[in-house]
Amino acid sequence: MANRTSDLAGRVDPAQSFDIEALLRYASANVHGFPSNISNFTLSQFGHGQSNPTFLIEARSGTFAKKYVLRKKPHGKLLASAHAVEREYEVLHALGTHTQVPVPKVFCLCTDSSVIGTPFYIMEYLEGRIFIDPNLPDVSPKRRRDICRAVSQALASIHSANVDAIGLGNYGKRKDYCKRQVERWAKQYLLSTGEGKSRRNPKMLELVDWLRQHIPLEDSLGETAGLVHGDFRIDNVVFHPTEDRVIGILDWELSTLGNQMSDVAYSCLSYFVNISLEDLDGSDGFERSSFPEGIPSLPEYLADYCSAAGRPWPVDQWKFYIAFSLFRGASIFAGIHSRWIMGNASGGERAQFAGEKADSFIKTAWLFIQRKSVLPLHPPSETIREDKIGIFGSESQIQVTPTSGKFVPSEKVQDLRDKLIKFMEDHIYPKESDFYKLAQSTMRWTIHPDEEKLKDLAKREGLWNLWIPFDSAARAREVIFGSGNDSLVENKFNRLLGAGLSNLEYGYLCEIMGRSICAPQIFNCGAPDTGNMEVLLRYGNEEQIKEWLVPLLEGKTRSGFAMTEPQVASSDATNIECSIKRHGDSYIINGKKWWTSGAMDPRCKLLIVMGKTDLTAPKHKQQSMILVDINTPGITIKRPLTVFGFDDAPHGHAEIFFENVSVPANNILLGEGRGFEIAQGRLGPGRLHHCMRLIGAAERGMQMMVQRALERRAFGKLIAEHGAFLSDVAKCRIELEKTRLLVLEAADQLDRLGNKKARATIAMAKVAAPNMALMVLDTAMQVHGAAGVSGDTVLAHLWATARTLRIADGPDEVHLGTIAKTELRKSRL
Ligand SMILES: Cc1cc2nc3c(=O)[nH]c(=O)nc-3n(C[C@H](O)[C@H](O)[C@H](O)COP(=O)(O)OP(=O)(O)OC[C@H]3O[C@@H](n4cnc5c(N)ncnc54)[C@H](O)[C@@H]3O)c2cc1C
C-alpha cells in the first residue's frame, strides 16, 4: 500500500526547529498567494529519507487553507558541496518552467541564513502517494505494471530534458562522470574504513580496480551525458492520489550533469539487492526471479525506459553500470556504519548493520561481474499489453504508444493530453480559489489579470482553440484565402485555427478542461464562444469572419448567443418572438432575451441573435440569425441571472432587451430564413462539448471523493473502508465509463456521418452526460459531508452547472423525443 504524502509528515525534530514568525514574514513577502492574516498555522516534518530537513507548512486564513513544503539545509557545520538546496531550487525551477518533467513548482529561494538559520526554499505541496516498498505490496498486478512503467517514463522524461535550452548547461561536467565518481567513492570508502572504523573489505579495493579498467568509452565521450537525478528510485516519486501516474519527482540533492546510465542502473538496483537497511539479504548476482505478479522483469523495465528515452539497448555496458551502482551503494553504507561506530550516525540503530550491508553489495557486485551474460541481446519483444486497449482506467494506461482501436487516441492527441493535464495541474487548479474569490467580491464583473496571462501561456504552449474541427478550419481558410492572398496574414490566421483535430480527438482533451469551471476559457474553448465561432467558421462570409471571428479566435473578445426568451417556451425555437425587420440597408431588432450566457463579460463584443424575419414563411423558415455589436444603441442589459445563487461572474447569464436596435443588413448570417439550419449546425458540436466537459467534471468528482474517503475517518475507520462507500464509488465509475463511451461514440459519428445522421446519438449523450455527472457529483458531495455543499470545494459549483445542462441546449425531454422518433422510424423502415 502506498503512503499518502501527508502521512509521511510528523513531529518536528527539535534540533531542526526554526523561527516560524520569521518564516511567515518571509513567505508573505515572497510567495505569491501566500495566505495573509493567518488564523491557524501548523508545521510538521517529513521523516522519510530526507538528508535536507523538509517540512510541511499548512497556513489557514479563515476557511482558506494552503499547504507548502519547505526544504532547508540542516543546522550546523556542513561540507561545502553537500546539502546544496540552492542547486535543488535551480534544477526544479528550470524543469518546472520549461519542461514536462513532473516536479513540484518552486515559489522562492532564500539564501539569507539570517531568516531561519540556513538557506531554504519553498515549493508546492503535492498531495499524492509514495510507494516506499518497490515490491508494491497490496497493489493489484495490473496496477503494479502501470506504476513501474510510469516510473521508467518519469526517469526518461528527466533524461530527455535539453539542459542547454533550459539554462542548466553549466549545472555540472558532462564527461568522465563515472570516472570521477569511481575515484570519489573509492576515496570515501578508504576514509570510512580501517582501524576504529568500519571493516575494510579487500574485495572492495579489487572492485575499484575492475571499475577503473572497465569504464565505458561513452562516459569519457559524454555520449550518454545529460541531466542526472542522482538518487532516482520509486520512493522519491510522488504518484497522483488515485491515478497511476507520476505527479512529482523529489529529492534532487545529488542531481548534476553526467552519465545518465548511472541513474538507470541505480533505479534497477532493487532487482538485485534490498537497498533499505532493514533487510540484510544479499544476492547471488542474478536478478530476483520471483517478483510479485505484475512487477516487470528487469529487461522489461529497462526496455520501457529505453523506448521512452529513445536509448539503445545497453547490453554491452550493463555489467559496468550495475557493478558501479553496487560499488557506490557499498561505499555509502560503509560511511553510515563508520559514523555509527563513531557515535554520530543519522540512520538510528539500524546503522549498526550498514557494514554488513556494504559487504553484501560488494559480494553481489562480484557475482554479477562473473556472470557470462547479464542482459538478453535484444530488448524483450513488444508484447501486446493489456493496458494498450483503450482510454479507460488510469491515466498512465493511455500514456503508452497507442495501437489501433476505435477509442485509442493518436500519439499527437496523447501528447496534447499530457500537456493539458500538466497545464491544469501547474496553472489552473492552483488559481481556482483566487478566481472564485474575485467572482464573489464587489469586483466580480472584472477579469482576473492572471486569466489573460494564462491565456497567453496556453497559446504559447499550443493549447489554443483545440476545439476547432479540421473541416471547419478548412472552410474558413477557403473563404478567406481561396483566391490566393497575403501569405503572412494566412500564416497568422492558420495559427489561430487549432491543431487540426477531429471532434473525437478533441473529446479526449475537452474532458480534461471540464475538470475545472474556469479552465475552458483559458484555452479559448469555453461556451458559448466555441459554438459562436463554429457558426462563423461554417456560415460566415469573408467580411464577417474578418470582423467578428478573428478577434474571437485571438481571445481578444467574447460573445453571447441570444435565442431563449422569457415569455415563450424556448425549447421549441419556433415559439421565438423577437423580430428582425429589414429597413433599407439595416435590420431593426425588437425583443426580449434571457439566459444569454457570456453577455455580462466586459470583453463581450458580439451577440448572435436569433429572431423572426418573416412570419408568413413556413414554420422552420421564419427564423434568422444576425450578428449584433453588444454596444449598439437600443440594447439594455437588464440583469444577471443566477443559477442556485451562482451568477457565474464575470461571464454571467444576462437578461437583455432589444428596442429598435439597428444593425447593418450584411450582418445577417447566411441569409434570411436560415436560422434553424444554422442552429442545427451550431448545436451539434456545442452540445457534445458540454458532454465532454461533464465527463471531466465527473472525473474530478470521482477523484475528490476517493481522496476524501481515504483521509477521513468515521466510526473507527476510513470512509473508504465502509461498504456503502465502496458500492457507491463503483456504481459511479460504471456510469462514468458508460457515458464516456457514448460521448466518444457520438463525436466519432459526428466526424464520420455528419451532424444530421449523428443526431440521435448526440441526443443520447446530451441526456446521459448531465445525469451521470449529477449522480457522481452528488455522491462526491455526500462523501464530503457539509463541506461538499459549501463554497469551499468546487463540487457544488460543478453540480449546479451540470444541473443546468439538463435544461440548457435543449431539455432532456426534447432529446428523449429525438431518440424515440429515431427508434420508431427504424422499425417502420
Ligand atoms: C445556465 C444556463 C445557460 C443558458 N445559456 C443560454 C444561452 O447562452 N443562450 C440561449 O439562448 N439560451 C440559454 N439558456 C436557455 C436554455 O437553452 C433554455 O432554458 C432551454 O432551451 C429551455 O427553454 P425554456 O427555459 O424556455 O424552457 P421551456 O421551453 O419552457 O421548457 C420547460 C420544460 O418543459 C418541458 N418540455 C419542453 N419540451 C418538452 C417536450 N417536447 N416533451 C416533454 N416535455 C417538454 C421540459 O421539462 C422543460 O424543461 C441557458 C439556460 C441556462 C439554465
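For the reader, a short list of remarks on this structure follows.
- Complete set of residues in the range 307-332 that are assigned to a helix (DSSP H, G or I) and open to solvent by 20 Å² or more (accessible area, probe 1.4 Å): Ser307, Ala308, Ala309, Lys319, Arg328, Ile332
- So Phe423, is it at pLDDT 90 or above and of a type outside the set (Asp, Glu): yes
- Strands (runs of 3 or more DSSP E) wholly inside the range 542-651 containing at least 2 residues that are of a type in the set (Lys, Arg) and more than 30 Å from Leu438 (Cα to Cα): 579-583
- Among the residues of the range 161-182, the one identified as among the acidic types (Asp, Glu) and surrounded by 14 or more Cβ atoms within 10 Å (Cβ to Cβ) is Asp176.
- Residue match in the range 778-797 (condition: in contact (Cβ under 8 Å) with a residue 60 or more places away in the chain, within 10 Å of the ligand (Cβ to nearest atom) and in a helix (DSSP H, G or I)): no
- If only residues of the range 652-693 that are open to solvent by 40 Å² or more (accessible area, probe 1.4 Å) and in a strand (DSSP E or B) are counted, the one that is nearest to the ligand (Cβ to nearest atom) is Phe657.
- Boolean, Met772 is more than 11 Å from the ligand (Cβ to nearest atom), in contact (Cβ under 8 Å) with a residue 12 or more places away in the chain, assigned to a helix (DSSP H, G or I) and within 19 Å of Glu511 (Cβ to Cβ): yes
- Selection count where residues are among the aromatic types (Phe, Trp, Tyr), in a helix (DSSP H, G or I) and within 18 Å of Asn274 (Cα to Cα), scope the range 286-306: 1
- Any hit, the range 596-617, residues being without any contact (Cβ under 8 Å) to a residue 40 or more places away in the chain, more than 16 Å from Ile635 (Cβ to Cβ), near the ligand (Cβ under 10 Å from one of its atoms) and surrounded by fewer than 19 Cβ atoms within 10 Å (Cβ to Cβ): no
- Thr97 meets each of the listed conditions (1) buried (at least 17 other Cβ atoms within 10 Å of the Cβ); (2) under 23 Å from Ile158 (Cβ atoms) apart from (1).
- Residue count for the range 694-745, restricted to those that are open to solvent by 40 Å² or more (accessible area, probe 1.4 Å) and in contact with a Leu (Cβ under 8 Å, 6 or more places away or on another chain): 3
- Tabulated pairs, the range 564-586, first more than 16 Å from the ligand (Cβ to nearest atom), second open to solvent by less than 60 Å² (accessible area, probe 1.4 Å) and not in a strand (DSSP E or B), C-beta under 6 angstrom, 6+ apart or interchain: Asp585/Ala665; Ser586/Ala665
- Whichever residue in the range 802-829 is of a type in the set (Val, Ile, Thr) and open to solvent by less than 50 Å² (accessible area, probe 1.4 Å) and, among such residues, is farthest from the ligand (Cβ to nearest atom): Thr822
- Options Phe561, Phe523, Phe493, Phe481; residue that is away from the ligand (no atom under 16 Å from the Cβ) and closer than 29 Å to Ala802 by Cα: Phe523
- Of all residues in the range 528-549, none satisfies being away from the ligand (no atom under 14 Å from the Cβ), open to solvent by 10 Å² or more (accessible area, probe 1.4 Å) and under 31 Å from the mean Cα position of the chain (by Cα).
- Those residues of the range 798-813 which are farther than 18 Å from Ser433 by Cα and either part of a helix (DSSP H, G or I) or charged (D, E, K, R) (or both), in sequence order: Ala802, Arg803, Thr804, Arg806, Asp809, Asp812, Glu813
- Across the range 550-566, the number of residues qualifying as under 28 Å from the mean Cα position of the chain (by Cα) and acidic (Asp, Glu) comes to 1.
- Index of the failed condition, Phe55 passing every other in (1) out of contact with any Asp or Glu (no Cβ under 6 Å at 6 or more places or on another chain); (2) more than 27 Å from Tyr305 (Cβ to Cβ); (3) surrounded by fewer than 22 Cβ atoms within 10 Å (Cβ to Cβ): (3)
- Some residue of the range 567-589 being open to solvent by less than 10 Å² (accessible area, probe 1.4 Å), of a type in the set (S, T, N, Q) and more than 28 Å from the chain's Cα centre (by Cα): no
- Considering (1) without any contact (Cβ under 8 Å) to a residue 24 or more places away in the chain; (2) within 30 Å of Arg144 (Cα to Cα), the lone condition that Phe327 does not fulfil carries the number (1).
The values are calculated or read from the model by the stated rules, or taken from the named source; none is laboratory data. Quantities reported herein were computed from a predicted structural model and do not represent experimental measurements. FYI the Cβ positions are ideal-geometry reconstructions off the backbone, even for glycines, and counts take in every protein chain you see. We work out accessible area using only protein heavy atoms, side chains counted, and drop any ligands, DNA or RNA first. Shrake-Rupley method; radii C 1.70, N 1.55, O 1.52, S 1.80 Å.
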